[in-house]
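The values are calculated or read from the model by the stated rules, or taken from the named source; none is laboratory data. Keep in mind that what you see is a predicted model, and the values were worked out from it rather than measured. Cβ placement follows ideal geometry from the backbone for every residue including glycine, while neighbour counts extend to all protein chains displayed.
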Amino acid sequence: MSTITSGIDRRKFLKTGLAGATGLIVGFYLPGRRQILAAEVAPADMNAFIQVSSENTVTIIVSKSEMGQGVATAIPMLAAEELECDWRKIRFQFAPAARVYFDPAFGMQGTGGSTSVHSSWEPLRKAGATAREMLIAAAAQKWGVDASECRAENGEIVHMGTKRRATYGSLAEAAGKLQPPTDVKLKDPAEFKVIGKPMKRLDTPEKTNGRAKFGIDQRRPGMYHAVVLRCPVFGGKVASFDATKAKQVRGVKDVVQISDGIAVVADNTWSAMQGRKALDVQWDFGPDADFSTETMYADFGRSLDREQGYSAKKVGDAASALNGAAIKVEAEYRAPYEAHATMEPMNCTADIREGESADLWVPTQFQTPSQNTAAKIAGVSPDKVNVHTTFLGGGFGRRGWSDFVIEACETSKAMKAPVQVTWSREDDMQHDYYRPASLVRFSAGLDSDGKPVAFNAHIACDSIMRWFYGPAAVKNGFDDSSVEGIADIPYDIPNIAVNYNLVAGPVPQGFWRSVGASQNGYFRECFIDEVAAAAKKDPYEFRRDLLKGNDRNLGVLNLVAEKAGWGKPVPAGRYRGIAVVEAFNTYVAEVAEISLDKDRNVKVHRVWVAVDLGQPVNPSIIEQQVRGGVVYGLSQTLKGEITIDKGRVVQGNFDTFEVLRMNEMPHVEVYITNSHSVPPTGMGEPAVPPIAPAVVNAIFAATGKRIRKIPYRPDDLA
């Protein structure tokens, strides 16, 4: 990383997104993967900035999307810590789409994989420290003293000898003219005043007073509203259609065919929806009109029967060890497709000026693909496309795709006017990019003392990467996201084999909160419980013995067991299960306490969660994300699933795709370790994977019956 140098033209710098700002602006260069490979180190490429205005406010430009996970607060905290500014004067602004904001983890500008705080940790702190040193230098120059005699304190520079003070605002313009230092000293964690503290969220006021603008709130002069009718069968397309009746609906302006279906354009969304109902369409359902959930699982099973698949992990000789084991354990687990079900359905507002430029107002997780999509449709270069990232009403991975952006851009191009495309809940549920359905067969071997000697897993599912990047991106039929949570098994077992079969199908697959670990964490931790039972050992003690030397997994496991009082008596009719899963370099262990009523319905009463994500940045936001992850995970454990019949999704709304209700929410206790020596990782996703196995393992404790598929249904205990 390097700071801005004198080779940067200030006017050109301001054009990157802060045009018209006055005062001190500090940025830093963080090359993306492609830039690193190409050695394109251009000092003008900056992916985050700090602006100190003459009015004493500090604006942090946030290049990540805020979808409720708290980055609009956590990222400014990193800069504010080193800047020594007044937190009450902090503001944030979403960055435009530009190459300077590329995330090195993705090679593009985007938000996902619980990486936002981790990737911003050092760059944002260095940017804050750089601004601080420039303000100190400006004050020293003004007073005619040595900079070493000055210090930054709560938005002011203080001369330690004379006690003279100057606000950042009064120094900003002079500081902006100075040469930035090439090296700055960062604080020791013991000196933190902001990082590690439960600071109030910066986005809360505007979200509570109604000023926050989500994608669906956008209104542009001369804007039309549109909805799209898509083929209900995956892979199908329009054969023919008659728009006569649709155009007779009051408010409907036009009906246009686009690549993904038929767009009905109107003065308002309601009229567009009524026009859509009046369309007369003939569909070509294509070759997958007979595809179903049953055929999918049958395909998985046949694949596992006949193919060894790709070796994702091999330690020792699992086959030989299994053959010689005193005790053998075998089980088959499965998990269904899952929809993202974000509270704000997909939407995008596009203004395509063909051959000239384009504007997008979009709740997106990936700005670069959105920008490139609009550029291609408008026939312009990407730098001619302005992406205005709005607040996101939930993302969970769904808004990393550009299908809804394509629809808005194509419709706007056809109408030669701004168009907002809005999806209904049914559109969203039935045309998602789903969490992959999966089938896994386990086998394990124990010696005569009950110690594991072999662990074998064979996984069959479709590939997310195949859908996101194309088939060419999947080398040798292997997608590592399909095996995460199993191939990275943390337990000390001398012989391990994990194999993967990619079984391609017509149902679109996508990144779902915690990705492969969401289902694989459930599979692995439930099977480990089965192995513990075969060894006649307590499931916590069994895990603890196998995690010796694995300090961070063991740390959260021991912490959650201690806080839950594992091994102590529980209230009558209550039962507990435990699980530990690492995802995105964050370690989480959970204990769930449940009961069952006379109809075998499960009630989750309490959940204890221990997390190790390195240095905590904002504990209150971490707790929020843990609770959100528990809710999300419980919904897939006990409630909703996506099933396919005749090539189409059966579920359409929350009546058939249920999620956890407020009265079903358990009491959640969150315990955060203090790993100050480790840079922070993320918390948006890692609390999801352990809750399903913790609950299902508690069901076994209550009933003695193993549940090897989710979501749980009372009939599973019949």
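Numbers for the structure displayed
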| read-out | value |
| --- | --- |
| Conditions (1) under 30 Å from VAL158 (Cα atoms); (2) part of a helix (DSSP H, G or I); number of the one not met by LYS245 | (1) |
| Cβ-Cβ under 6 Å pairs, at least 6 apart or on other chains, segment 189-210 side within 17 Å of ILE672 (Cα to Cα), far side in a loop (DSSP other than H, G, I, E, B) | PRO189/HIS676; ILE195/VAL617; GLY196/PRO616; MET199/ASN618 |
| Subset of segment 599-618 [in contact with a strand residue (DSSP E or B) (Cβ under 6 Å, 6 or more places away or on another chain) and either within 18 Å of ILE75 (Cα to Cα) or not β-branched (Val, Ile, Thr) (or both)] | LYS603, HIS605, ARG606, TRP608, ALA610, ASP612, LEU613, PRO616 |
| Test: residue in segment 487-500 that is touching a helix residue (DSSP H, G or I) at 6+ places or on another chain (Cβ under 6 Å), under 30 Å from GLU658 (Cβ atoms) and in contact (Cβ under 8 Å) with a residue 12 or more places away in the chain | no |
| Some residue of segment 46-68 being at pLDDT 95 or above, farther than 27 Å from PRO382 by Cβ and either buried (at least 19 other Cβ atoms within 10 Å of the Cβ) or among the aliphatic types (A, V, I, L, M) (or both) | yes |
| Test: residue in segment 641-659 that is more than 30 Å from GLY235 (Cβ to Cβ) and free of Cβ contacts under 8 Å to residues at least 60 places away in the same chain | no |
| Segment 420-476: number of residues that are hydroxyl-bearing (Ser, Thr, Tyr) and within 30 Å of ALA226 (Cβ to Cβ) | 5 |
| Which numbered condition ILE594 misses (of (1) assigned to a strand (DSSP E or B); (2) under 25 Å from the mean Cα position of the chain (by Cα)) | (2) |
| Condition met for ASN585 (within 30 Å of ARG230 (Cα to Cα) and of a type in the set (S, T, N, Q)) | no |
| Failed item, numbered, when VAL387 is tested on (1) crowded, with 20+ Cβ neighbours inside 10 Å; (2) touching a Lys or Arg at 6+ places or on another chain (Cβ under 8 Å); (3) over 30 Å from THR643 (Cα atoms) | (2) |
| Residue count for segment 500-540, restricted to those that are part of a helix (DSSP H, G or I), of a type in the set (S, T, N, Q) and under 24 Å from ASP305 (Cα atoms) | 2 |
| Single residue of GLY112, GLY107 found to be out of contact with any Cys (no Cβ under 7 Å at 6 or more places or on another chain) and surrounded by 20 or more Cβ atoms within 10 Å (Cβ to Cβ) | GLY112 |
| Among (1) touching a helix residue (DSSP H, G or I) at 6+ places or on another chain (Cβ under 6 Å); (2) of a type outside the set (Ser, Thr, Tyr); (3) surrounded by fewer than 23 Cβ atoms within 10 Å (Cβ to Cβ); (4) modelled with pLDDT of 95 or more, the one test that ARG151 misses | (1) |
| Unique match (being over 28 Å from THR389 (Cα atoms), in contact with a strand residue (DSSP E or B) (Cβ under 9 Å, 6 or more places away or on another chain) and not in a helix (DSSP H, G or I)) among ARG132, ARG151 | ARG151 |
| Counted residues, segment 484-497 - those being hydrophobic (A, V, I, L, M, F, W, C), surrounded by fewer than 24 Cβ atoms within 10 Å (Cβ to Cβ) and closer than 19 Å to TYR310 by Cα | 4 |
| Test: GLY316 is at positive phi and either in the same structural domain as GLY628 (by TED's automatic domain parsing) or touching a strand residue (DSSP E or B) at 6+ places or on another chain (Cβ under 8 Å) (or both) | yes |
| Residue count for segment 436-476, restricted to those that are surrounded by fewer than 24 Cβ atoms within 10 Å (Cβ to Cβ), in contact with a Gly (Cβ under 9 Å, 6 or more places away or on another chain) and in a helix (DSSP H, G or I) | 2 |
| Pairs with Cβ under 8 Å, 6+ apart, first in segment 298-315 and of a type in the set (Lys, Arg), second part of a strand (DSSP E or B) | LYS313/ILE496; LYS313/ALA497; LYS313/VAL498; LYS314/ILE496; LYS314/ALA497; LYS314/VAL498 |
| Residue identified as in a helix (DSSP H, G or I), among the small types (Gly, Ala, Ser), in contact (Cβ under 8 Å) with a residue 60 or more places away in the chain and surrounded by fewer than 24 Cβ atoms within 10 Å (Cβ to Cβ) among GLY555, GLY633 | GLY555 |
| Conditions (1) outside any strand (DSSP E or B); (2) closer than 27 Å to GLY628 by Cα; (3) of a type in the set (A, V, I, L, M, F, W, C): number failed by CYS85 | (2) |
| Qualifying residue in segment 84-94 (condition: buried (at least 23 other Cβ atoms within 10 Å of the Cβ) and modelled with pLDDT of 95 or more) | yes |
| Every residue from segment 168-196 that is buried (at least 18 other Cβ atoms within 10 Å of the Cβ), outside any helix (DSSP H, G or I) and out of contact with any strand residue (DSSP E or B) (no Cβ under 7 Å at 6 or more places or on another chain) | VAL184, VAL194, ILE195, GLY196 |
| Candidates ASN674, ASN697, ASN653 - the one that is within 16 Å of VAL604 (Cα to Cα) and either over 24 Å from the mean Cα position of the chain (by Cα) or assigned to a loop (DSSP other than H, G, I, E, B) (or both) | ASN697 |
| For PRO345: the one exception among (1) under 19 Å from the mean Cα position of the chain (by Cα); (2) surrounded by 23 or more Cβ atoms within 10 Å (Cβ to Cβ) | (2) |
